[in-house]
Amino acid sequence: MKYRGLIFGFLCFLGMAIQAQEDKKTLVTINKRSYSVGEFKQVYFKNLDLVKQQEERTLEEYLDLFIQYKRKVEEARAQGLDKKQTYLNDFAKYQEQLARNYVYEDNVTAKMVEQAYKRSKESLKTSHILIMCNWDAPPQDTLVALNKAREMRQMALNSPNEFNDIAAKYSEEPKADESRGSLDYFTVFEMVYPYESVAYNLKVGEISDVVRTQFGYHVVKLEDRRPVLPKRTVSHIMIGTRFDSLDTAKERILEIKGLLDKGVAFEDLAKQYSDDKNTGINGGLMRPFTKGDLKAPPFEDAAFALTQKGEISEPVQTRFGWHIIRLEDMGKSPNFEEEQERLTKMVKLGDRAKIVTTAVTQKIKEELGFRAYPYKSSFMAKLNDSVFDRKWRFEPFVKQENRPLFTIGMKTFYYNEFGQYIELRQTKVRPFKQISTFLEMVYDEFETEQVKNYFKQNLEQVNSDYAAIINEYRDGLLIFDVMEKNIWSKAKSDSLGLRNYYESHKSQYLWKNRIKGAVIQTTSEEDMDLVLELLRRGKSPIDVKSQLNQGGALKVVVTEGTFEEGSSKLPATYTLATGISEVFQSPMQYMIVQADEVLPSGVKNYEDVEGAVLSDYQSQLESIWTQELEAKYPAKINKREFRQLKRSLKNK
């Protein structure tokens, strides 16, 4: 049995090895550049769902798309877009992010992510005393600040109930005499990491040791802990104040609230009247949120005041307009798996990023081998106060004086490389007061940068997954730039071409039949009878509304305007015709249309369809350009490998 297992394992390994060799073979050659079977397969499988949606059903058709894509990349290189500084900067940023991800596989960030999740369950209220001291303060000033902070801590320990009095009198935080050291509630990621960590490790009423941040030395007292509320889901109807006055918007929202009170469906009213079109089409449904997410306290307070699913608020005013809110779901706190991706991204930012970067750099050093050499005395002899004015000029070390600085893997960096870096960086780093502090900071920066660069430069050769992803991004940036230059910007600036395209394709830009008039809605048959009677007497829809809605009563809602055939504001079975329509009835609603004029279908003005014309004109330019690239960059397909690929994909 063991023998059979060994044979099976060997055959599986052999099959994988053969497949790997097949994937390296050339499938297509464009402009003397070869693209492998493996690269095509990777793109094909990654976009398989998209291919099906676009009905690119055959492998031949998708290979043609692949070739078109690579031709555009070739043209981007031919136009020198891969040498542009903006491209190089964008690519370097992405390369940095992606390389970091591959180092993080060893769980460098795992503990910090778990810690952040636990902290996210609570928000804290603290008070603090701050003795200000920047990172670059001279040692004697730093010691004075530290001792003062220790003195403040001892005073607070002796009289814990007077902590805020001590903060008001001695804290160096701006306006401490007003705030008395008291801070608002915060949760994970909302404070600098050292402060956050100290606070989360305190018990309520406990006073911390002195903690150092970029602002200085803090003494922290934990005042309160409270759980973070789960995210709620609500629907809303909004009447905005962007185009209407506040009074008009309020009148409209009260009308809608009256319809809700009479039993009209919330979803129907949201679709018909809400000015928040993004949620209106879904019956007003919003994405889940918790307090603080929307930056609209009145809305959030009203939403969290609702206690029963389906409960509807009274109209609420915010800076966006007037809202009616319905509670859909009370929500629940997400588990770790649901939050892990978001928290991991957050851990890679801010103060935590520095901690992780240090750990990652150390790991690379351990994996590749690292050796550092003395440097401080040699550079302290060359540096002078001109570095504070950012005018220091580096004089290279000569011959034997140009000693090794450090070695990573097989590469050694020398004094002169570091000296050139100092001259460059002096103009871009924050101001310093001490040469020694400046030198140490720039050295750490240089060492970290070069160690990571060496790692990244070798990663593409040793990790096929990384190589595939970075190559996809490299080409994607070039595609964007070449399309922007040759199609998108060209079309936008070609006003004559756009006009000519519109004139030649007017039949594509047509209005449907329309009416100009009013849609009138009531919630009772009796009220609709009154509406019809008044209209037949010659009253206008607005006059009807004013007469029937007297004394705060809401009997009729009137919407005036121009409505295209099929508009959601018109009854579904309404046929366009002048005059007063029949009554259309739905649950708890009665609706009629008074059409003053039927506007026939016709060509839309250029100003009405400028965006659509631009999009269509760009598509035409791209089609012509694609044909030009086909002639400029012929593709040679390895038909034997393509047949083999088709057979292998059929068997999957």
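Could you provide, to the nearest whole Å², the per residue accessible area of the chain with probe 1.4 Å?
57 Å²
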Q: Report ³J(HN,Hα) in whole Hz for each residue of the stretch 340-351, in order, from the Karplus equation J = 6.51 cos²θ - 1.76 cosθ + 1.60 where θ = phi - 60°; Gly and Pro get x.
A: 4, 4, 5, 5, 4, 4, 5, 4, 7, 10, x, 4
Q. So for the stretch 285-324, what percent of the C-alpha to C-alpha distances run longer than 11 Å?
A. 65 percent
Q) Sorted by packing (mean other beta-carbon atoms within 10 Å per residue), highest first, where do 251-260, 321-330 land? A) 321-330, 251-260
Q: Quote the FRET efficiency, to the nearest 0.05, computed for E460 versus R403 with a Förster distance R0 of 45 Å and r equal to the Cβ-Cβ distance.
A: 0.90
Q. Put a dot 7 Å past each Cα toward the Cβ at Q585 and Y69; how far apart are the dots in nm?
A. 5.8 nm
Q. Dividing the Cα convex hull volume of the stretch 367-516 by residue count, how many Å³ per residue is that?
A. 295 Å³
Q) Which log10 I(q)/I(0) values, to two decimals, does the stretch 73-164 give at q = 0.10, 0.11, 0.16 Å⁻¹ under the Debye formula with one point per Cα? A) -0.68, -0.76, -0.93
(Q) Using only the Cα atoms of the stretch 374-434, what are the Rg and Dmax in Å? (A) 12.4, 37
Q) Cα axis of helix 495-504 to longest principal axis of the chain: angle in degrees, 0 to 90, nearest 10? A) 40 degrees
(Q) Taking θ = phi - 60°, what integer Hz values does the Karplus form 6.51 cos²θ - 1.76 cosθ + 1.60 yield along the stretch 260-266, in sequence order, with x for Gly and Pro? (A) 4, 5, 8, x, 5, 4, 4
**Q.** For G216, residues with placed amide H under 5 Å, excluding near neighbours
**A.** C133
Q: Could you pull out every one of the lysines with an alpha carbon less than 18 Å from that of K354, ignoring same-chain neighbours closer than 8 positions?
A: K93, K111, K345, K363, K365, K452
Q) If you take all C-alpha pairs in the chain, what percent of them are over 32 Å apart? A) 73 percent
Q: Please work out the FRET efficiency for the pair I637 and N282, using the Cβ-Cβ distance as r and a Förster radius of 45 Å; give the result to the nearest 0.05.
A: 0.45
Q | Cα-Cα separations in the stretch 252-354 greater than 18 Å, expressed as whole percent | A | 57 percent
Q. Modelled label-to-label distance, T437 and Q620, 7 Å Cα→beta-carbon offset: nm?
A. 6.5 nm
Q: State, to one decimal in nm, how far the label point of D389 lies from the label point of E96, with both points 7 Å from Cα in the Cβ direction.
A: 3.1 nm
Q) If each Cα of the stretch 297-456 is one equal point scatterer, what is log10 of I(q)/I(0) from the Debye formula at q = 0.18 Å⁻¹? A) -1.17
(Q) Rounded, prolate or oblate, given the Cα gyration tensor of the stretch 337-389, with a/c below 1.5 counting as rounded? (A) oblate
Q. Which order do peptides 557-564, 629-636 fall in by mean Cβ count within 10 Å, highest first?
A. 557-564, 629-636
(Q) What is the angle, in °, between the Cα long axis of helix 85-103 and the longest principal axis of the Cα atoms in the chain? Nearest 10 is fine, range 0 to 90. (A) 80 degrees
Q) For G331, which sequence-distant residues (separation of 5 or more, or a different chain) have an amide H within less than 5 Å of its own amide H, given hydrogens modelled in the peptide plane? A) T233
Q | Computed E for L59/E445 - FRET, C-beta separation, R0 45 angstrom, nearest 0.05 | A | 0.35
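How long is the gain from K485 to T427 if the chain were fully straight, where each residue apart is worth 0.36 nm and the alpha carbon distance is subtracted? Please list the in-between numbers first.
Values: separation 58, 0.36 × 58 = 20.88 nm, distance 3.34 nm.
Between K485 and T427, full extension yields 17.5 nm more.
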Q | Potential extension, E565-M380 segment - 0.36 nm per residue separation minus Cα distance | A | 58.6 nm
Q | Length gained when the stretch T26-V204 is fully extended (0.36 nm per residue, less Cα-Cα span) | A | 57.4 nm
Q: Once you have the Kirkwood Rh of the stretch 183-318 from its Cα pairs, apply Stokes-Einstein at 20 °C and 1.002 mPa s and quote D in µm²/s.
A: 119 µm²/s
Q: Calculate the all-directions average of the projected area of the stretch 536-652's alpha-carbon convex hull, and give it in nm².
A: 16.8 nm²
Q) What's the angle, to the nearest 10 degrees (0 to 90), between helix 415-425's Cα axis and the longest principal axis of the chain? A) 30 degrees
(Q) Taking every alpha carbon pair in the stretch 167-221, what does the distance histogram look like in 10 angstrom bins from 0, in percent? (A) 22, 58, 20
**Q.** Portion, in percent, of the accessible area of the chain that falls on carbon or sulfur, probe 1.4 Å
**A.** 51 percent
Q) Normalised by the residues of the chain, what does the relative contact order come to in percent, with Cα pairs under 8 Å and at least six apart? A) 14 percent
Q: Consider just the alpha-carbon atoms of the stretch 149-247 and return their Rg together with their Dmax, both in angstrom.
A: 19.2, 60
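The values are calculated or read from the model by the stated rules, or taken from the named source; none is laboratory data. Since we're looking at a predicted model, the values are computed, not measured. Here Cβ is always computed from backbone atoms with ideal geometry, including for glycine, and neighbour counts include all displayed protein chains. Accessible surface areas use protein heavy atoms only, side chains included; no ligands, DNA or RNA. Shrake-Rupley method; radii C 1.70, N 1.55, O 1.52, S 1.80 Å.
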